[in-house]
Amino acid sequence: MSKSLLVEYMPFKPLSPLTEADGAKFGIPGGMVVQGVLQRAGAKNQNGRIYPKNILARECVRYQKEYIDQNRALGELDHPESSIVNLNNVSHNVLKIWWDGDSLKGAVQVLDTPAGNILKSLFKSGITLGISSRGLGSVKELYKESAVEVQEDFELICWDFVSNPSTTGAFMQPMFESANKMNVINKYDRVHEIITSILCDDGKCRI
């Protein structure tokens, strides 16, 4: 059975208010660190896939050893349909992962790279972003559950931060209960303004 690129999306909401002082807790004075749920095991996700916890937990142990412990657990801002992390687009580095029941949580350092600065501005502006895992593996059809189950050959590549994907409406949920639908749309309209202001801050636009 051949492996395919498996991409998953879910809304990412920081567990605590965003302050760059949080970086000091992880030995990164002045750096921004965000914490939140990265992925959930054992439940059908928005793509109709189920990740058995034993498989996802196994990959987390490997990812911890091969990437986090070596300070190279990098991810991109929006990801390509590729199994390779593009260093030109790296925006963050995963510092820590842990389980809370079936929820996999993580602490993520936002880097001072071009993509990282865009990501930082989006977070500071209150934009609701998504977190997306990238991996290689095969799936098995589960007809009774109307889902597919990820198999033992799954290999986790990274987690990327992404904008609202067109294939799901979950990212359109407001960050605050008082926000209405128009507020949410306006937040996403501001993404272009933020990116443009960063890339064109010297008067020479590079987009």
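The values are calculated or read from the model by the stated rules, or taken from the named source; none is laboratory data. Values in this document were obtained by computation on a predicted structure and should not be read as measured data. Cβ atoms come from the backbone with ideal geometry, glycine included; neighbour counts cover every protein chain shown.
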Condition check: charged (D, E, K, R) and touching a residue at least 40 places away in the same chain (Cβ under 8 Å). Does Asp78 satisfy that? yes
Can you confirm whether segment 61-79 contains a residue that is within 30 Å of Tyr143 (Cβ to Cβ) and at pLDDT 95 or above? no
Which condition does Val61 not pass, out of (1) β-branched (Val, Ile, Thr); (2) assigned to a strand (DSSP E or B); (3) free of Cβ contacts under 8 Å to residues at least 60 places away in the same chain, if it passes all the others? (2)
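Does Gly36 fit the bill of being part of a strand (DSSP E or B), modelled with pLDDT of 90 or more and of a type outside the set (D, E, K, R)? Lay out the reasoning, then the answer.
On the way: part of a strand (DSSP E or B): yes; modelled with pLDDT of 90 or more: no; of a type outside the set (D, E, K, R): yes.
Answer is no for this residue.
Quick one: which residue in Ser125, Ser132, Ser163 is of a type in the set (S, T, N, Q), touching a Lys or Arg at 6+ places or on another chain (Cβ under 8 Å) and either modelled with pLDDT of 55 or more or surrounded by fewer than 16 Cβ atoms within 10 Å (Cβ to Cβ) (or both)? Reasoning before the result, please.
Numbers: Ser132 fails: touching a Lys or Arg at 6+ places or on another chain (Cβ under 8 Å); Ser163 fails: touching a Lys or Arg at 6+ places or on another chain (Cβ under 8 Å).
One residue alone meets the criteria, Ser125.
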Give me the residue from segment 76-110 that is of a type in the set (S, T, N, Q) and not in a strand (DSSP E or B) and, out of that set, farthest from the chain's Cα centre (by Cα). Asn88
One residue is enough: does segment 91-106 have a residue meeting the conditions modelled with pLDDT of 90 or more and over 25 Å from Met32 (Cα atoms)? yes
